[in-house]
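**Student:** My structure is below; once you've seen it, I'll send some questions.
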Amino acid sequence: MKKSDYLYLDHAATTPMREAALKAFIEAENEGYANSSGGHNLSRKAKNILEESREQIANVFGAAPNEIIFTSGGTEADNWIIKSLFVKGISPNSNLVTTNIEHEAVLASAEWIKLNDYRVTFAECLDNGIVDSEKFISEIDESTIVASVMLANNETGIVQPVHNLIKKTLEKNNETLFHSDVVQAVVSKKIDFHKIGIQSAAISAHKIGGPKGVGAMFLNNKFKLPSLFHGGKQELERRAGTVNVAGVASFAAALKEQQENFDLEINIIKKEKEIFETIIKDNFNVKVIGDEEERLTHISNIQFENINSEVLMVDLDLNGLGVSRGSACASGAQKPSHVLEAMGIDKDNINNHLRFSFGWSTDSGDGKKAANIVLNSLENLS
């Protein structure tokens with residue numbers, strides 16, 4: 001099967017690199033290959049590329065350049081922010097308040113905090129996939145160091161009331177750092193951290209057409225975090241290790257192109273997803289998760305009656321359509337989605353879900369083409 005014949009609808013897991021991002025990577029590697037921490041001419045070229053990229057990325061998110069620290073991706077940023085404030089010497093009553101529908105990077109970091117004998121509270125979500133705001137706020141107290149809620153869920157696309165949660169959290173404890181994983185939200189929402197009130201955030205380049213292994217942490221200048229890595233003074237003396245300058249330049253180029261083409265790309269994604277969902281709903285007994293809530297434009301999580309998702313996913317793959325069962329960071333576990341479990345999806349249907357996610361490379365006609373492949377597979381499996 002030719003690559004052009006294969007329809008990719010797993011952009012929420014990762015996206016193909018944009019040509020502009022690939023070009024920027026090659027140019028930066030050719031021109032700025034030296035260590036950006038050095039003192040000679042070529043190092044200064046690398047440093048200039050790095051800082052120009054930092055400023056460009058910061059501007060997109062309404063941040064100051066020194067509030068952007070480059071990382072290996074969203075997972076590192078989540079770990080850094082969630083874990084680093086829970087260090088020896090703080091009160092044993094110190095606690096983290098988060099939700100039971102977060103990305104695995106946040107949930108695993110929370111479990112690490114529990115293992116170190118600090119308190120962690122997981123606020124539940126309602127059946128509609130939105131965090132129970134009253135429950136969340138009720139858990140905030142004078143010992144809450146970090147509160148964390150993702151801006152939008154990576155499996156369902158359901159948008160969370162983060163702005164309101166931040167406001168109410170800080171009314172109870174204005175020393176709390178409010179963190180948000182925005183990795184998925186960046187794909188189809190324009191985000192200004194200061195306007196929303198987000199104080200720290202995790203971002204990843206490969207979700208928007210940039211390279212894998214590169215991301216950023218946003219940290220409001222009000223806060224200082226201990227370093228997670230040691231052995232150097234790179235990244236504003238916050239993260240040790242030689243900086244991936246070419247990766248950062250590629251990240252900046254991908255973000256620049258995404259922002260310049262934002263309305264065009266989102267309109268195509270919205271149209272194709274609507275066509276796709278309409279055809280599927282009109283021809284088969286399905287449930288679109290979060291259909292009545294605000295969702296990210298590019299994600300469609302669908303429950304198929306009496307059809308096992310693993311079996312359907314394999315059949316779709318054989319017929320030229322690539323999709324996923326949920327988060328790529330957890331899919332290898334072959335267990336029910338913790339997000340769907342939190343939403344109260346019954347045991348008979350929890351393994352009948354697939355996530356279809358559109359992206360920047362989606363073309364007109366992809367929605368209908370994908371729907372027809374799905375319907376053919378459903379007919380064969382029924």
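The values are calculated or read from the model by the stated rules, or taken from the named source; none is laboratory data. Worth saying up front: this structure is predicted, and the values here are computed from it rather than measured. Methodologically, a virtual Cβ is constructed for each residue, glycine included, from the backbone with ideal geometry; neighbour enumeration extends over all protein chains shown.
**Student:** Starting from the stretch 357-369, keep only residues that are under 17 Å from GLY157 (Cα atoms), then list their pairs with residues that are among the charged types (D, E, K, R) and modelled with pLDDT of 95 or more whose Cβ atoms are within a distance under 8 Å, requiring at least 6 positions of separation or different chains.
**Tutor:** SER357/ASP10; PHE358/GLU272; PHE358/LYS273; PHE358/ASP366; TRP360/ARG18; TRP360/GLU265
**Student:** Please list, ordered by first then second residue, the pairs with beta carbon atoms under 7 Å, 6 or more apart or interchain, first in the stretch 217-232 and part of a loop (DSSP other than H, G, I, E, B), second aliphatic (A, V, I, L, M) and at pLDDT below 75.
**Tutor:** SER227/ALA240; PHE229/ALA240; HIS230/ALA240; GLY231/ALA240; GLY232/ALA240
**Student:** To continue, here is another question. Do we find that GLN199 is farther than 28 Å from LEU22 by Cα and either in contact with a helix residue (DSSP H, G or I) (Cβ under 9 Å, 6 or more places away or on another chain) or of a type outside the set (A, V, I, L, M, F, W, C) (or both) in this structure?
**Tutor:** When the stated conditions are applied, GLN199 passes them.
**Student:** Turning to a different aspect of this structure: Any residue that is of a type in the set (Gly, Ala, Ser) and touching a Pro at 6+ places or on another chain (Cβ under 9 Å) - is there at least one of those in the stretch 218-227?
**Tutor:** Checked against the condition, which is being of a type in the set (Gly, Ala, Ser) and touching a Pro at 6+ places or on another chain (Cβ under 9 Å), the stretch 218-227 yields no hits at all.
**Student:** I'd like the full set of residues that are modelled with pLDDT of 95 or more, out of contact with any Asp or Glu (no Cβ under 7 Å at 6 or more places or on another chain) and hydrophobic (A, V, I, L, M, F, W, C), limited to the stretch 83-111.
**Tutor:** LEU96, ILE101, LEU107, ALA108, ALA110
**Student:** Every residue in the stretch 257-270 that is over 17 Å from ASP10 (Cα atoms) and in a helix (DSSP H, G or I), please.
**Tutor:** Selection gives GLU257, GLN258, GLN259, GLU260, PHE262, ASP263, LEU264, ASN267.
**Student:** Name every residue in the stretch 65-101 that is farther than 19 Å from ASN244 by Cβ, among the aliphatic types (A, V, I, L, M) and crowded, with 16+ Cβ neighbours inside 10 Å, in order of residue number.
**Tutor:** The answer is ILE81, ILE82, LEU85, LEU96, VAL97, ILE101.
**Student:** Looking only at residues in the stretch 102-118 that are more than 20 Å from the chain's Cα centre (by Cα) and crowded, with 18+ Cβ neighbours inside 10 Å, which one is farthest from VAL182 (Cα to Cα)?
**Tutor:** Step by step, filter the stretch 102-118, then rank; the result is TYR118.
**Student:** Additional query: Restrict the check to the stretch 221-228 and report whether at least one residue is aliphatic (A, V, I, L, M) and either at pLDDT 95 or above or buried (at least 21 other Cβ atoms within 10 Å of the Cβ) (or both).
**Tutor:** No - not one qualifying residue is present in the stretch 221-228.
**Student:** Okay, next question. Show the residue pairs meeting these rules: Cβ distance below 6 Å; 6+ apart or different chains; first residue within the stretch 154-170 and buried (at least 16 other Cβ atoms within 10 Å of the Cβ); second residue aromatic (Phe, Trp, Tyr).
**Tutor:** From residues that are buried (at least 16 other Cβ atoms within 10 Å of the Cβ), the pairs are ILE166/PHE178; THR169/PHE178.
**Student:** ASP127 passes all but one of (1) part of a helix (DSSP H, G or I); (2) surrounded by fewer than 19 Cβ atoms within 10 Å (Cβ to Cβ); (3) not hydrophobic (A, V, I, L, M, F, W, C); which number fails?
**Tutor:** Condition not satisfied by ASP127: (1).
**Student:** Let me ask you something else. Restrict the check to the stretch 284-298 and report whether at least one residue is in a strand (DSSP E or B), within 21 Å of ASP10 (Cβ to Cβ) and among the β-branched types (Val, Ile, Thr).
**Tutor:** Looking for residues that are in a strand (DSSP E or B), within 21 Å of ASP10 (Cβ to Cβ) and among the β-branched types (Val, Ile, Thr), one finds at least one in the stretch 284-298, hence yes.
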